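Novice: Below is one structure. I have some questions about it.
The values are calculated or read from the model by the stated rules, or taken from the named source; none is laboratory data. Keep in mind that this is a model prediction, so the values were computed, not measured. Positions of Cβ are backbone-derived with ideal geometry, glycine not excepted, and every protein chain shown enters the neighbour counts. Please note that ligands, DNA and RNA were not included when accessible areas were found on the heavy atoms of the full protein model with its side chains. Shrake-Rupley method; radii C 1.70, N 1.55, O 1.52, S 1.80 Å.
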Amino acid sequence: MPGLFSQDRTYPQFPEPPAFRFGVATADHQCEAYTESGRDIRDVYEEKRQLQLRGAATDFWNRYDEDARLAAGLGCSAFRLSLSWARLEPQPGVWDDAAFAHYRDVLAKLHEHELEPFVTLHHNTWPIHVENRGGMVHPDFPLWFGAYAREVAQRLGDLITYYVTINEPNQLVFGYIKPWWSRVYPMPPGLH
């Protein structure tokens, strides 16, 4: 008997209205495997709060082809993923060509599986160097984020039609404002 997600199983195809896309989603921090060079503010937050560290996570960094194939097999036509700003810009103004090449491969593989990429630029995490300079509340944050978004568009834009600027922006406030019912900040940075 084939397993639930085996290649031998056929999944029903969902009819999509013209303006609707059926898809799945990943998040860079939650799904990509941890690397020291890609440490982000959420890694720091999880360590300080003594939360479960991401470790290998679901290893989307290495298993993206398999995940894309499974999504296509489920009848999906869309695949939402986020890019790791910390991997792409490990130091202020220093861009990692290998990380950009990797994401180019991921996006190409999604297209190969006939999945439309929906790319999230900011999935509630950012590089440690951004936080060290004042984080999201610094007056220059829009400039730093703009430079990152521009670099992504220049290097990967030919493979991206749809962008999600910030995932769940309403959640970001909880990294800076602690609700009265919470003992801790529920979101990063939540460190001071």
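Novice: Does the range 63-171 come out rounded, prolate or oblate, given a ≥ b ≥ c as the square roots of the eigenvalues of its C-alpha gyration tensor, rounded meaning a/c under 1.5 and, failing that, prolate meaning a/b above b/c?
Specialist: prolate
Novice: Excluding ligands and nucleic acids, what accessible area in Å² is computed for Ile128 using a 1.4 Å probe, to the nearest 10?
Specialist: Ile128 exposes around 40 Å² with every protein chain in place.
Novice: Right, another one. What value does the chain have for Rg/Rh, both radii from Cα atoms and Rh as Kirkwood defines it?
Specialist: 0.99
Novice: How large is the accessible surface of Trp85 in square angstrom, using a 1.4 angstrom probe and rounding to the nearest 10?
Specialist: 10 Å²
Novice: Shifting gears a bit: For an R0 of 25 angstrom, estimate the FRET efficiency from the Cβ-Cβ distance between Glu46 and Arg150 and round to the nearest 0.05.
Specialist: Once rounded, the FRET efficiency stands at 0.25.
Novice: Excluding Thr58 itself, what net charge comes from residues whose Cβ is under 9 Å from its Cβ, given Lys and Arg +1 and Asp and Glu -1?
Specialist: Net of charged neighbours comes to -2.
Novice: Still on this structure, please answer the following. When Lys and Arg each count +1 and Asp and Glu each count -1, what net charge do the other residues less than 13 Å away from Tyr162, Cβ to Cβ, add up to?
Specialist: The answer is +1.
Novice: OK, next. Please identify the GluC sites (Glu not before Pro) of the range 49-116 that satisfy two criteria: DSSP loop assignment and at most 15 other Cβ atoms within 10 Å. Which are they?
Specialist: Glu114
Novice: Rounded, prolate or oblate: which fits the range 107-182, taking a ≥ b ≥ c as square roots of the Cα gyration tensor eigenvalues, rounded meaning a/c under 1.5, else prolate when a/b beats b/c?
Specialist: Since a/c reaches 1.5 but b/c is at least a/b, the shape of the range 107-182 is classed as oblate.
Novice: Further question on the same structure: For the chain, what does the helix formula give at 222 nm: sum of -39500 (n - 2.57) over DSSP H segments with n ≥ 4, over the residue count, nearest 500 deg cm²/dmol?
Specialist: Rounded to the nearest 500, it is -10500 deg cm²/dmol.
Novice: Something else: Roughly how many nanometres apart are two label points built 7 Å out from the Cα toward the Cβ at Ala33 and Arg183?
Specialist: 3.5 nm
Novice: Taking 7 Å along the Cα-to-C-beta vector as the label spot, tell me the Thr58-Ser77 distance in nanometres, rounded to one decimal.
Specialist: 2.2 nm
Novice: Using r as the Cβ-Cβ distance of Phe22 and Glu112, and R0 as 22 Å, what FRET efficiency do you calculate, to the nearest 0.05?
Specialist: So the FRET efficiency works out to roughly 0.75.
Novice: Now for a separate question. If you stretched the chain out fully between Arg133 and Gln91, how much longer would it get, using 0.36 nm times the residue separation minus the C-alpha to C-alpha distance?
Specialist: Extra length available between Arg133 and Gln91 comes to 14.0 nm.
Novice: Also, I was wondering about something else. Stretch Ile166-Ala98 to full length: gain in nm at 0.36 nm per residue minus the Cα-Cα span?
Specialist: Between Ile166 and Ala98, full extension yields 22.1 nm more.
Novice: Please compute the net charge surrounding Glu36, taking Lys and Arg as +1 and Asp and Glu as -1 over other residues with Cβ under 12 Å from its Cβ.
Specialist: 0
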